[in-house]
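Derivation of every value follows stated rules applied to the coordinates shown; laboratory data play no part. All of these numbers come straight from a predicted model, not from anything done at the bench. All Cβ positions, even for glycine, are placed from backbone atoms using ideal geometry, and neighbour counts span all protein chains on display.
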Amino acid sequence: MSNADADSDADAEDGTDPGELRTPIVAVLGHVDHGKTTLLDKIRGSAVTEGEAGAITQHIGATAVPLDVISDLSGRLVDPDDFDLPGLLFIDTPGHHSFSTLRSRGGALADIAILVVDVNDGFQPQTLEAIDILKRTQTPFVVAANKVDTVPGWNPQPDTPIQGSIEAQSDRAESDLNDRLYEIIGQMSDHGFSSDMYWRVQDFRNNIGVVPCSAMTGEGVPDLLAVMMGLSQRYMKEEMSIDTSGPGAGTVLEVKEEQGFGTTIDVVLYDGTVREDDHIVVGGMNEPIVTDVRALLQPRPLAEIRTESRFETVDEVVAAAGIKIAAPGLDDAMAGAPVRVVRDRGEASVIEAVEAELAQFEVETAEEGVVVKADTLGSLEAIADALADAEVPIVRAEVGDVAPRDIAVADTANESRHETILAFNVDVLPDAERRAEETGVSLFEDDVIYQLVEEYEEYVAEIERAQQ
Ligand code: GDP
């Protein structure tokens with residue numbers, strides 16, 4: 001699976017030291033119901049039933065599966081001696097939330113991704129959205145062609161590598177599976193990706209491996225883990241310089257009220273360390289938030305969950321990890337925004353770096369247009385792109401719930417077809433709902449970007465038809 005030894009020799013020769021590689025961060029993407037949660041549960045659940053419950057560590061928003069457990073789960077397809085990586089950190093929230101927080105290089109949340117596609121259902125709207133984001137962020141990924149066990153006449157081979165499982169199928173089932181896999185490979189090609197069955201892929205950088213698997217029976221999951229490890233090792237070595245001892249850098253996954261701690265941020269730390277009392281800068285709605293860490297919180301082990309708090313505090317976290325940070329003044333923090341530790345770099349330069357990162361997300365606005373509200377910066381960016389493609393102007397685009405002032409903006413700043421709010425994965429505050437009804441502002445809510453934009457376009461077409 002890996003040329004780790006050859007790589008180390010090469011590194012020694014050219015004098016570059018790959019240093020200590022941190023755990024790669026993995027996001028699981030794909031259309032609703034295609035099996036993202038089941039796959040994550042399979043990997044986590046198997047890790048627990050392997051009798052190594054102590055070996056996997058539950059983080060905030062993520063689960064770390066160490067190399068030796070991955071090796072066991074892969075049926076030894078992954079040989080620990082071939083890898084310098086400590087394991088894999090799986091982002092727990094599958095789908096939109098994690099993928100819309102994916103960032104461009106330099107501020108990446110996920111290093112690699114698994115795109116789950118149901119072999120029966122093929123590409124669906126959220127598959128396409130995921131592909132757009134993977135393309136834009138140049139995130140290496142593999143396709144998990146999931147639910148192979150639903151092929152008619154399939155003879156399940158639990159937890160086995162897929163080659164062995166395929167050998168145990170009737171010719172008919174094997175040929176049905178192949179038809180579906182080739183359909184997926186064809187769809188990948190329609191979207192500009194060259195892909196093939198993973199065992200025929202020589203170079204995962206130019207070719208995307210398609211791994212047939214079943215999150216339900218576990219067949220093919222060993223192969224999936226092996227491909228992920230191979231991909232991580234290559235990619236982390238070639239493109240990531242990681243200094244786990246430096247000041248921490250991460251991305252906000254969620255902003256949450258937590259009893260006893262006030263507003264907290266769930267953060268995926270992808271570089272460096274965060275310590276208790278560190279001075280940090282966090283991307284906020286209006287300006288960067290400069291504050292001090294009050295507490296670093298991790299979930300308590302399950303056995304101790306009866307204690308009064310679900311969390312325990314730690315003094316320090318090292319990347320890659322998921323951590324909840326309690327600090328004063330986090331109310332305006334945004335999901336998808338950067339978090340940086342100041343330590344010895346100087347506050348001004350860190351603020352500047354955070355501002356520069358946020359500037360990448362700036363949405364072009366017009367005098368008139370729709371109001372867009374979204375759950376994360378990444379999804380806001382994706383919606384803005386989709387609206388730009390549809391030539392729909394935007395008057396305001398923000399992260400957060402739909403509030404009465406958003407209705408006011410939509411109502412006053414617009415000709416009739418634009419008196420609209422597009423809300424993606426956010427709540428509508430009750431007062432806002434009432435204001436919308438009173439003022440006749442249209443409110444569209446959806447958790448699929450394509451659908452949200454389509455609904456709006458249909459609405460506009462309807463108005464135009466009525467005016468003719
Ligand atoms: P998500 O929305 O992508 O997270 O999808 P889920 O993991 O919730 O799966 C949706 C449904 O498909 C659930 O009923 C799962 O039990 C089922 N499912 C997921 N993976 C498989 C699989 O490999 N085989 C079969 N037969 N069912 C599956």
Counting other beta carbons within 10 Å of each Cβ, put GLU433, GLU167, GLU357 in order, fewest first.
GLU167, GLU433, GLU357
So in the chain, what percent of DSSP beta bridges are antiparallel if you round to the nearest 5?
55
Taking the convex hull of the alpha carbon atoms in the range 372-459, what volume per residue do you get, in Å³?
77
Quick check on the exposure proxy: order ARG234, ARG465, ARG172 from fewest to most C-beta atoms within 10 angstrom.
ARG465, ARG172, ARG234
Determine the calculated [θ] at 222 nm for the chain from helices alone, applying -39500 (n - 2.57) to every DSSP H run no shorter than 4 residues and normalising by the residue count; nearest 500 deg cm²/dmol.
-10500 deg cm²/dmol
Per principal axis, descending, Cα span of the range 370-415 in whole Å
25, 23, 8
Just rank TRP154, TRP199, fewest to most, by other beta-carbon atoms within 10 angstrom.
TRP199, TRP154
Simple SL model, points at 7 angstrom along Cα→Cβ for ARG434 and ARG172; separation in nm is 6.4
Net charge within 9 Å of ALA295 by Cβ-Cβ distance, Lys/Arg positive one each and Asp/Glu negative one each, not counting ALA295 itself?
+1
Charge dipole (debye, nearest 20) of the range 129-231; +1 at Cβ of Lys and Arg, -1 at Cβ of Asp and Glu
340
Extension gain GLN163-THR412, at 0.36 nm per residue separation less the Cα-Cα distance, in nm?
83.4 nm
Calculated SAXS-style log₁₀ I(q)/I(0) at q = 0.11 Å⁻¹ - the chain, Debye, Cα scatterers:
-0.94
